[in-house]
Amino acid sequence: MLQFKLVLLGDSSVGKSSIVHRFVKDSFDEYRESTIGAAFLSQTIKLSEEYDEQVLKFEIWDTAGQERYKSLAPMYYRNANAALVVYDVTEPDSLPKAKLWVDELKEKVNDDKLIICLVGNKLDLVSERESTSLVDEADAREFAQENNLLFHQVSAKTGENVIKVFQDIGERLYLQN
Ligand code: GDP
């Protein structure tokens, strides 16, 4: 079976652990304790017929976003095949933080095959917020395009688009291996 290492990066509370739990356990827990250091989980997916119904295994490292753990991140992204850089669509400050992670990955990871996906989470909250307090989707999309990143908006809470992120990454990884 093809196996790939995937790391999650992003500000604390953007929903990194919730995305992983939705993907791995198909569940959402409003009150789960925050990750200390990093957590490891794995999950397999099957690609579509177009991709030979290939089964892939993701080994997922969910890193803690707190500033005091920032120095540990290179340990997790150094050997990664893919990175999910997550921001919170209801937290405008979280997009610039995500951009910094992307810059760091581009600078420090010496692998032009690294797949990076920019992910805007908490899409379920968009309809109830004023658009002025939301991240500008066009801004995020443009940044993704300029930097050759995959881009998705998801909700770990409802599950919307979460599988798509991993399918999309899996297809890219399969094609380049
Ligand atoms: P992390 O620190 O980036 O791992 O973030 P967590 O996964 O711990 O989530 C932080 C908070 O945001 C928690 O209270 C979650 O319940 C909440 N949360 C995460 N994802 C979503 C989502 O898609 N929608 C909503 N409404 N809340 C979310």
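The values are calculated or read from the model by the stated rules, or taken from the named source; none is laboratory data. Since the model is a prediction, treat every value here as computed from it, not as a measurement. When we count neighbours, we look across all protein chains shown, and the Cβ atoms used for this are built from the backbone with ideal geometry, even at glycine. Note: accessible area is taken over every heavy atom of the protein model, side chains too, but ligands, DNA and RNA are not part of it. Shrake-Rupley method; radii C 1.70, N 1.55, O 1.52, S 1.80 Å.
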Flag if Asp62 is within 11 Å of the ligand (Cβ to nearest atom), modelled with pLDDT under 95 and either under 14 Å from the mean Cα position of the chain (by Cα) or open to solvent by less than 50 Å² (accessible area, probe 1.4 Å) (or both): yes
Positions within segment 19-54 being within 18 Å of Trp101 (Cβ to Cβ) and modelled with pLDDT of 95 or more, in sequence order: Ile19, Val20
Checking Ile45 against (1) open to solvent by less than 30 Å² (accessible area, probe 1.4 Å); (2) part of a loop (DSSP other than H, G, I, E, B), the condition it does not meet: (2)
Sole miss for Val20 among (1) open to solvent by 20 Å² or more (accessible area, probe 1.4 Å); (2) within 9 Å of the ligand (Cβ to nearest atom); (3) of a type outside the set (Gly, Ala, Ser) is condition (1)
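Can you give me the number of residues within segment 109-129 that are within 16 Å of the ligand (Cβ to nearest atom) and open to solvent by 20 Å² or more (accessible area, probe 1.4 Å)? Before you say what the answer is, go through the steps one by one.
At the first step, the residues of segment 109-129 found to be within 16 Å of the ligand (Cβ to nearest atom) are 117-129.
Within this subset, residues satisfying the condition of being open to solvent by 20 Å² or more (accessible area, probe 1.4 Å) are 122-129.
Of the residues in that region, 8 qualify.
Working carefully through the options Glu91, Glu130, Glu160, find the one that is acidic (Asp, Glu) and free of Cβ contacts under 8 Å to residues at least 24 places away in the same chain.
Values: Glu91 fails: free of Cβ contacts under 8 Å to residues at least 24 places away in the same chain; Glu160 fails: free of Cβ contacts under 8 Å to residues at least 24 places away in the same chain.
Of Glu91, Glu130, Glu160, the one residue that is acidic (Asp, Glu) and free of Cβ contacts under 8 Å to residues at least 24 places away in the same chain is Glu130.
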Checking Val55 against (1) aliphatic (A, V, I, L, M); (2) away from the ligand (no atom under 13 Å from the Cβ); (3) open to solvent by less than 50 Å² (accessible area, probe 1.4 Å), the condition it does not meet: (3)
